[in-house]
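Working notes for the structure below.
The values are calculated or read from the model by the stated rules, or taken from the named source; none is laboratory data. Remember, it's a predicted structure, so these values are computed and weren't measured experimentally. So basically every Cβ, Gly included, is an ideal-geometry build from the backbone, and we count neighbours across all protein chains shown.
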Amino acid sequence: MSEDNKKINSDFESFGSIMKHKKQVKPPAYQWQELALQVINDLSIPNFKRSSVFRICKIYSEKQVRQALIDTKELCPSGPKWKYFFKVVSNQGKDNKNNSLKE
């Protein structure tokens, strides 16, 4: 039995060595970056469209992005939700331009 215990103990690393190799993840610098990460996770945005989500979150207000996210979740129960999200955001942009021209 003692040979088995030695074999098991040799497979484990010490706590100190684990802490030395721990990677530190930087938190987002801006609030819009955190919102973009949330949208990316919620809608399973593919890698090639992630930069577009960051740009949307930087340009549009947090309220507009959250509303687009809510609308997407409600109105697109199946299929690629991220495509629908971009359509909702682009329509919001058109609505805002029309409203500013009317005022």
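Quick one: Ile45 ticks every box in (1) out of contact with any Pro (no Cβ under 8 Å at 6 or more places or on another chain); (2) modelled with pLDDT of 90 or more; (3) not in a loop (DSSP other than H, G, I, E, B) except a single one, so which number is it?
It is condition (3) that Ile45 fails.
Any residue at all in the stretch 62-74 that's more than 17 Å from Glu34 (Cα to Cα) and exposed (fewer than 12 other Cβ atoms within 10 Å of the Cβ)? Even if it seems obvious, please write down each step before you answer.
Narrowing the stretch 62-74 to residues more than 17 Å from Glu34 (Cα to Cα): 71-74.
From what's left, exposed (fewer than 12 other Cβ atoms within 10 Å of the Cβ): 74.
Checked against the condition, which is being more than 17 Å from Glu34 (Cα to Cα) and exposed (fewer than 12 other Cβ atoms within 10 Å of the Cβ), the stretch 62-74 yields at least one hit.
Among the residues of the stretch 75-94, which ones are in a loop (DSSP other than H, G, I, E, B) and closer than 14 Å to Val39 by Cα?
Passing the criteria: only Pro80.
Please name all residue pairs, on different chains or six or more residues apart, with Cβ atoms under 7 Å, provided the first residue is in the stretch 28-43 and is surrounded by 14 or more Cβ atoms within 10 Å (Cβ to Cβ) and the second residue is among the polar types (S, T, N, Q) and not in a loop (DSSP other than H, G, I, E, B).
Leu43/Thr72
For the stretch 2-28, give me the residue count where each residue is modelled with pLDDT of 60 or more, in a helix (DSSP H, G or I) and not polar (S, T, N, Q).
First, the residues of the stretch 2-28 that are modelled with pLDDT of 60 or more: 11-28.
If we keep only those that are in a helix (DSSP H, G or I) too, we end up with 11, 15-20.
Those still in the list that are not polar (S, T, N, Q) too: 11, 15-16, 18-20.
Count: 6.
Given the conditions (1) out of contact with any helix residue (DSSP H, G or I) (no Cβ under 9 Å at 6 or more places or on another chain); (2) small (Gly, Ala, Ser); (3) modelled with pLDDT of 90 or more, which single one is not true for Ser52?
(1)
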